[in-house]
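FYI, it's all coordinate maths here, none of it is from the lab. This structure is a prediction, so every number in the text was calculated from the model and none was measured. Note that we place each Cβ from the backbone using ideal geometry, even for glycine, and neighbour counts take in every protein chain shown.
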Amino acid sequence: MTGIPTDTHAAIEVIALRKDFGRFTAVSDISFDVHTGEVLGFLGPNGAGKSTTMKMITGFLTPTRGRSRVAGFDVGQQPIEAKRRMGYLPEGAPAYGDMTVTAFLDFIARIRGYHGRERRRRVAVAIEKANLGSVVHKPVETLSKGFKRRVGLAQAILHDPPILIMDEPTDGLDPNQKHEVRELIREMASDKAILISTHILEEVDAICDRAIIIAQGSLLFDGTPQQLVSMSSLHNAVKLCFEDKIPEGAEACLRGLNEVIEVASDTVRHRLTVFPGNGKSIVGPVTQRVRDEGWRVEEIFVENGQLDEVFRRITRRDTPVQQVDVS
Amino acid sequence: MNVTVAILKRELGNYFATPVAYVFIVIFLVLSGVFTFYLGGLYERGQADLQPFFTFHPWLYLFLIPALSMRLWAEERRAGTLELLMTLPVSVGEAVLGKFLAAWLFTGIALALTFPVWITINYLGDADNPVILLSYLGSFLMAGAYLAVGACVSAFTRNQVITFVMSFVICLVFVLAGFPMVMDLFQGWAPQTLINAIGRMSFLSHFESITRGVIDLRDLIFFFSFIGAWLLANGIGVEMRKSG
């Protein structure tokens, strides 16, 4: 018998999920797990199939093939049980616009089966967590985009679900609001399994323990944000800013170092960027060389890498990557 | 059950939070008044019954109810709230029933607000109140049948204009079933049993037999099974959308 939750199951299990719309394949055999205590960032360009995947996990769309399990319940077989255990913020945070924030959350609480005092408490807590205190009596449709998003968030966390699925939770928010939402997610992360989709890369670095990338419906990367960033050709590259101009021969001299495979120069801003092979740390030998040669350097810093660049390389395989190949 | 009631309450609240309720009720009351007193000639007939009032209900419902039902599912799809609703722990059956019952209850409220006609007729003469009550019940059941059609059609398309027109046409077919306009369509090619079956599906004949003051179990069964069948199809429509 399937669907009995046991400890061996991950909180969210996605098994070879596929969705065809006519002849178009929106999601192609994607598999991944999300464990309790983990925030998984779901990345991909627009139209990559992120939302479609989330709609299948939450039971809004039926997959063409494959299945997903939430808290051990098969979403196709026991949808109600699975839905009880998850909170979902759909893309665009839809809500009944004519209802006030309180009335809307009260409706959600009723649907979730809360009565009387417990219902009022749940609504109050959700309002507080999502910071909606100032707008509780306003109809949802009159609210700003940021507030609407937070209403959607309040709705998703009202029953304190062990599993939280959010489709672009910070899309359209200003930097302060983004910060608040991320704080909230981080606070909740310890005892929940959280799946968030985003196309904002800084978000992955800010809140995710793990990231997966899909493009054109296929899973292309599954690992930690640090692994992702280390795939950048800039990872561990050393940038040297010279006081006036770049000393003659410096470029060739640095290129001569063992681990260095490329040096790029920016004569306008008197900068040299030294790229390591295989993403190794080269800051030691480089600074040693600077000291030995007696160059007057204003600043030395080590690049961590650029997510944008990695993201572009992974999602658009046809385009050549900068100068250096890290593989 | 709780879920159905929660959806029912939300839907009913939505009617009164928007101008829909007020416009619908006012137009319904004005038109039923006009039909009753001018076209129906309630006074001129010199009889203390509400026959002229109820006679026009099938025609009034024909365009008013599709206008009410066209937004039931189409609006949820347009606003994206269908995704919200269907990812809450709500079964398709509960959602279909909750929405339908809210709309039905709403038409019940509109119907109940025609009570001045009933007061008038009691003031004017010795009215047959059991028959009037039964007619109200018949009218309410018929409204439910119209709504079930409209709700079902609404689940299949997100375009509200198409929903309105399709609901109107399907309801018209059922109003006129048994009349030559509809029967002639089937005459000659359809088997006789089907033609007979269609002939018995007429809203008009079932409604009229109730308004005559005769409770025939068959009329009640007709309306309830008609509503049930269309709501089942409604559920299938909602379910189908899940596969994309």
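Which of A:SER233, B:SER167 comes first, and how do the rest follow, when ranked by fewest Cβ neighbours within 10 Å? List each step's numbers first, then the result.
Numbers: A:SER233 23, B:SER167 26.
Listing A:SER233, B:SER167 from fewest to most nearby Cβ atoms yields A:SER233, B:SER167.
In nm, what is the difference between 0.36 nm times the number of residues separating A:ARG269 and A:SER218 and their Cα-Cα distance?
Numbers: separation 51, 0.36 × 51 = 18.36 nm, distance 4.12 nm.
Result: 14.2 nm gained on full extension.
Return the tail of the calculated pair distribution for chain A, meaning the percent of Cα-Cα pairs more than 32 Å apart.
Counting pairs separated by more than 32 Å, the tail of P(r) holds 42 percent.
What number, rounded to the nearest 500 deg cm²/dmol, is the helix-based mean residue ellipticity at 222 nm of chain B, given -39500 (n - 2.57) per DSSP H run of at least four residues and division by all its residues?
That calculation yields -25000 deg cm²/dmol at 222 nm.
Quick one: work out the % antiparallel among DSSP beta bridges in the protein assembly as shown, nearest 5.
Roughly 65 percent of the DSSP beta bridges within the protein assembly as shown come out antiparallel.
I need the phi-derived Karplus couplings for the range A:300-313: 6.51 cos²θ - 1.76 cosθ + 1.60, θ = phi - 60°, integer Hz, Gly and Pro marked x.
Result, ordered by residue: 10, 9, 9, 6, 8, x, 10, 4, 3, 5, 5, 4, 4, 5 Hz.
For the range B:134-244, would you read off the P(r) tail past 23 Å as a percentage of all alpha carbon pairs?
Above the 23 Å cut-off, the range B:134-244 has 36 percent of its Cα pairs.
What Kirkwood radius, in Å to one decimal, follows from the Cα pairs of the range A:55-140?
So the Kirkwood estimate lands at 14.5 Å.
What do you get for Rg/Rh of the range B:115-154 when both radii come from the Cα atoms and Rh is the Kirkwood radius?
Ratio value, two decimals: 1.22.
For the range B:160-207, what D do you get in µm² per second when you plug the Kirkwood radius from alpha-carbon pairs into Stokes-Einstein at 20 °C and 1.002 mPa s?
Roughly 191 µm²/s, to the nearest whole number.
May I have the extent of the alpha carbons of the range B:128-194 along their three principal axes, as whole Å values ordered from largest to smallest?
44, 36, 17
Alpha carbons only, please: Rg and Dmax for the range A:106-196, in angstrom.
Taking only Cα atoms of the range A:106-196, I get Rg and Dmax of 12.9, 37 Å.
Quick query: amide H of A:GLY87 versus all other amide H atoms, modeled in the peptide plane; which residues come in under 5 Å with a sequence gap of 5 or more or a different chain?
A:ILE163, A:LEU164, A:ILE165
Can I get the semi-axes of the range A:193-327's equivalent ellipsoid? Compute them from the C-alpha gyration tensor as square roots of 5 times the eigenvalues, in angstrom, largest first.
For the range A:193-327, the semi-axes come out at 33, 15, 13 Å.
Give me the compactness ratio for the protein assembly as shown, meaning the Cα radius of gyration over 2.2 N^0.38 Å.
Normalised by 2.2 N^0.38 Å, the Cα Rg of the protein assembly as shown equals 1.33.
Take chain B, compute every pairwise Cα distance, and split them into 10 Å bins from 0; I just need the percent in each bin.
Histogramming chain B at 10 Å steps yields 7, 30, 33, 21, 8, 1 percent.
Could you work out [θ]222 nm for chain A from helices alone, using -39500 (n - 2.57) per DSSP H run of at least four and dividing by all its residues? Round to the nearest 500 deg cm²/dmol. Walk me through the numbers on the way to the answer.
Details: 11 runs with 105 residues, N = 327.
For chain A, the value works out to -9500 deg cm²/dmol.
Which ordering of A:HIS9, A:HIS235 is given by a fewest-first count of other beta-carbon atoms within 10 Å?
A:HIS9, A:HIS235
What is the mean projected area of the alpha carbon convex hull for the range A:1-81, to one decimal in square nanometres?
The number I arrive at for the range A:1-81 is 5.6 nm².
Which semi-axis lengths, in whole Å and largest first, follow from the square roots of five times the eigenvalues of the Cα gyration tensor of the range A:48-101? Could the numbers behind the result be given before it?
Working: eigenvalues 102, 45, 14 Å².
Listed largest to smallest, the semi-axes of the range A:48-101 are 23, 15, 8 Å.
For the range B:43-127, go through all pairs of different Cα atoms, get the mean of 1/r, take its inverse, and jot down that Kirkwood value in Å.
15.8 Å
Could you line up A:LYS129, A:LYS192 from fewest to most neighbouring Cβ atoms inside 10 Å?
Working: A:LYS129 17, A:LYS192 21.
Result, fewest neighbours first: A:LYS129, A:LYS192.
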